[in-house]
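What follows is a single structure, written as structure tokens, with notes after it.
The values are calculated or read from the model by the stated rules, or taken from the named source; none is laboratory data. Bear in mind the structure is a predicted one, so any value in this text is a computation, not a measurement. Counting neighbours? That spans all protein chains shown, and the Cβs are built from the backbone with ideal geometry, glycine included.
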Amino acid sequence: MFKKYMAEFIGTFILVTIGCGTAMTVGCDYAMGGGYVLTAFAFGLAIVALAYSVGNISGGHVNPAVSLGVLISGGMNAKEFVGYVVAQCLGALAGSGVLAAIFSLGNIVDMTGVYGSNGIGGVGNSAIAGLIVETVLTCIFVMTILGVTSKKQTHGSLAGLVIGLTLTGIHILGIGLTGTSVNPARSLAPAIIAMISGNPEPIKVIWVFIAGPLAGAAIAATLYKYLEKENK
């Protein structure tokens with residue numbers, strides 16, 4: 001089991017380093033166009049890479065919301081879930097810490113200003129609107145994951161690509177609204193680093209990016225279990 005936890009740590013570290021690092025480098029303001037799309041693809045392509053690497057060891061959740069969906073659908077037990085979440089959060093923190101060190105030592109301008117943290121400025125600073133966005137987007141993402149990784153499916157070799165492209169599409173829609181989280185670990189880590197660096201704004205709304213994805217995952221898993229059962 002330790003190797004699975006280590007795989008989740010490494011996977012989440014890579015996801016945050018590539019995804020948030022790209023956002024910090026090119027900016028993810030939808031008005032800038034190119035940076036917006038590059039950030040979306042960075043997260044999506046990172047997931048594709050992880051699905052075919054650490055995915056073979058731990059399932060490549062790299063996301064507490066995904067792990068919650070798997071837990072509810074019966075794919076793991078509570079003890080494993082806790083271990084996965086701890087490993088994911090630590091991996092995300094390590095990734096954010098490395099990015100902070102690189103950008104600080106290299107005197108590189110962080111184009112996001114908050115280490116790639118999420119925010120609700122795109123939804124008029126409405127926490128409720130942000131919560132809805134994150135719940136819906138995570139529901140779509142987790143539903144996709146549960147579907148393409150189901151034992152009933154015969155396209156298992158393409159699952160990683162489908163999941164990665166889905167995450168890319170979700171980012172293309174969500175970046176302009178909330179920066180797109182759908183992953184509590186990915187949001188919590190840069191918010192903590194931003195707070196340590198003197199900017200407490202991201203941590204003030206972090207509950208949106210924890211509650212929304214977890215709620216979306218729970219809805220997705222419950223719906224998928226119902227649909228799968230009815231389809232038998």
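Any chance you could count how many residues in the range 100-126 are more than 21 Å from Thr178 (Cα to Cα) and aliphatic (A, V, I, L, M)?
Matching residues across the range 100-126 total 6.
Scan Ile203, Ile192, Ile210, Ile163 and give me the residue that is crowded, with 23+ Cβ neighbours inside 10 Å, assigned to a helix (DSSP H, G or I) and among the β-branched types (Val, Ile, Thr).
Answer to the selection: Ile163.
Of the conditions (1) polar (S, T, N, Q); (2) part of a loop (DSSP other than H, G, I, E, B); (3) surrounded by fewer than 20 Cβ atoms within 10 Å (Cβ to Cβ), Asn56 fails just one. Which one is it?
So the condition that Asn56 fails would be (2).
Of everything in the range 129-176, what is over 15 Å from the mean Cα position of the chain (by Cα), modelled with pLDDT under 95 and hydrophobic (A, V, I, L, M, F, W, C)? Give them in sequence order.
Result: Leu146, Val148, Leu158, Ala159, Leu161, Val162.
Any idea which of (1) within 30 Å of Met195 (Cβ to Cβ); (2) without any contact (Cβ under 8 Å) to a residue 24 or more places away in the chain is the one Gly97 doesn't satisfy?
(2) is the only condition that Gly97 fails.
Looking only at residues in the range 60-84 that are small (Gly, Ala, Ser) and in a helix (DSSP H, G or I), which one is surrounded by the fewest Cβ atoms within 10 Å (Cβ to Cβ)?
Filtering first and then ranking leaves Ala78.
Might you check whether a residue that is surrounded by fewer than 24 Cβ atoms within 10 Å (Cβ to Cβ) and of a type in the set (Asp, Glu) occurs anywhere in the range 127-135?
Scanning the range 127-135 turns up no residue that is surrounded by fewer than 24 Cβ atoms within 10 Å (Cβ to Cβ) and of a type in the set (Asp, Glu).
So in the range 105-126, with the set limited to residues that are assigned to a helix (DSSP H, G or I) and modelled with pLDDT under 95, which one is surrounded by the fewest Cβ atoms within 10 Å (Cβ to Cβ)?
Checking each candidate, the answer is Gly121.
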